[in-house]
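Taking it in order: structure first as structure tokens, then the write-up.
Coordinate-derived values only; no laboratory data. These figures come from a predicted structure and were not determined experimentally. Here Cβ is always computed from backbone atoms with ideal geometry, including for glycine, and neighbour counts include all displayed protein chains.
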């Protein structure tokens, strides 16, 4: 069990991060011991949608987590923004929340706030655990 805290709005401001070099690659790695080959999602757009397909609206997320058997992923769950080489995570008012693990505790993101991502941050979308990687 990892303790959870909700961020007060005044603490929701992004932390300044170093810009990534143009030859670096940003990606999300699925953290799941039950899969022999974990899924990797490359973050190669300015705004990357995390969620499930919405066929009725012809919307298909860059990070498709529809494999989540427990149904904890919203169709429009979160965005990962690439702002000039800096990466930010935004919860889109998802049903089961988006969380960042800072090494000590799991922090629940407030909806529609940008949170700075650091290399090796662990992120939980609903019950799906992933890791943000810069290489």
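General observations
- Filtering segment 36-80 to residues that are surrounded by fewer than 18 Cβ atoms within 10 Å (Cβ to Cβ), in contact (Cβ under 8 Å) with a residue 24 or more places away in the chain and not in a loop (DSSP other than H, G, I, E, B) leaves 47, 76.
- Residue check, residue 86 surrounded by 15 or more Cβ atoms within 10 Å (Cβ to Cβ) and in contact with a helix residue (DSSP H, G or I) (Cβ under 9 Å, 6 or more places away or on another chain): no
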